[in-house]
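To keep things clear, I will list the structure first and then write my remarks on it.
Please treat every number below as a calculation from the coordinates, not as lab data. None of the values given here were measured: they were computed from a predicted structure. Methodologically, a virtual Cβ is constructed for each residue, glycine included, from the backbone with ideal geometry; neighbour enumeration extends over all protein chains shown.
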């Protein structure tokens with residue numbers, strides 16, 4: 001597996017990471033035994049940049065990764081986790097809290113659940129409008145000084161917040177959704193990150209699984225799958241959006257690849273400072289994704305795909321209204 005660097009501070013990660021959220025959370029019922037197999041196989045494939053968060057579960061996703069950390073030398077993995085929320089009894093999510101005191105409580109909880117004494121990349125998961133980002137980043141800088149965190153980042157923030165945060169302590173990465181069907185970061189955010197020397201981590205790089213071409217209706221999703229509430233997966237929108245999948249699938253079939261591999265390879269081509277973190281609960285999809293790093297197609301093929309995608313208007317917001325309220329768009 002190739003390596004890439006995130007930011008100018010020296011954080012090196014596998015060119016393809018693993019979004020661990022779905023291993024325990026969100027996409028319907030899961031198989032814990034299969035999830036553990038996926039994690040073990042990811043290590044064998046060199047996919048050693050793992051992304052989790054305290055809110056996934058909450059807590060159980062970090063605990064799962066902690067089980068695997070008992071099996072492998074810590075230095076083999078680059079762990080990223082996230083904070084931003086205050087929790088009540090039984091893990092009930094109360095609301096945003098990125099105060100320095102809460103940052104301290106969150107890191108101690110994550111370290112305990114993961115069974116490690118440091119986090120490689122620690123993100124603020126969502127911006128807390130009640131706490132100036134300078135205060136939050138100041139608290140993160142203190143954790144770096146103490147050795148509990150190696151590098152810091154932000155998630156779902158606009159260029160203005162990035163500049164303010166980076167002035168307090170260098171950011172190594174900013175994470176947001178980016179894929180063939182979600183390109184909102186291209187015009188304003190990515191240019192600022194490149195100006196400042198900050199890496200970009202792309203979550204949902206396969207359009208929350210849609211670009212893999214296996215979801216044709218909500219009937220293909222389990223009853224408890226949260227994508228049933230995502231606007232892009234609603235019946236009329238989904239039928240319209242499948243046209244995009246057909247474009248990707250046509251190109252993939254013509255070049256002995258899968259739609260998932262094309263979607264990931266396209267993203268990897270967008271810049272050496274971009275690291276996609278696709279998630280999966282299945283070994284065969286993990287192995288399929290890993291092959292995207294080596295997918296080579298001629299420039300004319302990629303140009304043709306870009307032309308097709310640019311002319312297609314995706315139907316539906318990328319997330320439900322309730323989730324978009326927590327996305328910062330500060331310019």
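Residues being buried (at least 18 other Cβ atoms within 10 Å of the Cβ) and more than 30 Å from residue 132 (Cα to Cα): count how many of those fall in the stretch 46-65.
Residues that pass the stated criteria total 4.
Can you confirm whether residue 187 is in contact with a helix residue (DSSP H, G or I) (Cβ under 8 Å, 6 or more places away or on another chain) and surrounded by fewer than 21 Cβ atoms within 10 Å (Cβ to Cβ)?
no
Criterion first (out of contact with any strand residue (DSSP E or B) (no Cβ under 6 Å at 6 or more places or on another chain), over 17 Å from residue 278 (Cβ atoms), buried (at least 18 other Cβ atoms within 10 Å of the Cβ) and touching a residue at least 12 places away in the same chain (Cβ under 8 Å)) does residue 180 satisfy it?
Answer is no for this residue.
Can you pull out every residue in the stretch 223-233 that is surrounded by fewer than 23 Cβ atoms within 10 Å (Cβ to Cβ) and not in a loop (DSSP other than H, G, I, E, B)?
Answer for the stretch 223-233, where residues must be surrounded by fewer than 23 Cβ atoms within 10 Å (Cβ to Cβ) and not in a loop (DSSP other than H, G, I, E, B): 226, 227, 228, 229, 231, 232.
If you take the residues in the stretch 205-222 that are touching a residue at least 40 places away in the same chain (Cβ under 8 Å) and either out of contact with any helix residue (DSSP H, G or I) (no Cβ under 6 Å at 6 or more places or on another chain) or buried (at least 21 other Cβ atoms within 10 Å of the Cβ) (or both), which one is farthest from residue 7 (Cα to Cα)?
Residues of the stretch 205-222 that are touching a residue at least 40 places away in the same chain (Cβ under 8 Å), as a first pass: 205-207, 209, 211-213, 221-222.
From what's left, either out of contact with any helix residue (DSSP H, G or I) (no Cβ under 6 Å at 6 or more places or on another chain) or buried (at least 21 other Cβ atoms within 10 Å of the Cβ) (or both): 205-207, 209, 211-212, 222.
Details: 205: 20, 206: 24, 207: 25, 209: 28, 211: 28, 212: 30, 222: 38 Å.
Here the answer is 222.
It is to be established whether one or more residues within the stretch 251-263 are surrounded by fewer than 18 Cβ atoms within 10 Å (Cβ to Cβ), within 24 Å of residue 45 (Cβ to Cβ) and over 18 Å from the mean Cα position of the chain (by Cα).
Step one: filter the stretch 251-263 for residues surrounded by fewer than 18 Cβ atoms within 10 Å (Cβ to Cβ), giving 253-256.
Right, trim to within 24 Å of residue 45 (Cβ to Cβ) and you get 255-256.
From what's left, over 18 Å from the mean Cα position of the chain (by Cα): 255-256.
Yes - at least one qualifying residue is present in the stretch 251-263.
Could you check the stretch 129-161 and list, in sequence order, the residues that are part of a loop (DSSP other than H, G, I, E, B), within 23 Å of the chain's Cα centre (by Cα) and surrounded by fewer than 22 Cβ atoms within 10 Å (Cβ to Cβ)? Full working, then the answer.
The first filter runs over the stretch 129-161 and keeps only residues part of a loop (DSSP other than H, G, I, E, B), leaving 129-132, 147-148, 156-158.
Those left that are additionally within 23 Å of the chain's Cα centre (by Cα): 129, 148, 156-158.
The answer is 129, 148, 158.
Every residue in the stretch 290-331 that is in a helix (DSSP H, G or I), more than 23 Å from residue 238 (Cα to Cα) and within 23 Å of the chain's Cα centre (by Cα), please.
Scanning the stretch 290-331 gives 290, 291, 292, 293, 294.
With within 12 Å of residue 212 (Cα to Cα) and assigned to a loop (DSSP other than H, G, I, E, B) as the only criterion, which of 252, 263, 257 stands out?
257
Return the total of residues in the stretch 190-204 being within 16 Å of residue 331 (Cα to Cα) and buried (at least 16 other Cβ atoms within 10 Å of the Cβ).
4
Name the residues in the stretch 162-174 that are more than 23 Å from residue 325 (Cβ to Cβ), assigned to a helix (DSSP H, G or I) and touching a helix residue (DSSP H, G or I) at 6+ places or on another chain (Cβ under 6 Å), would you?
Correct list: 166, 168.
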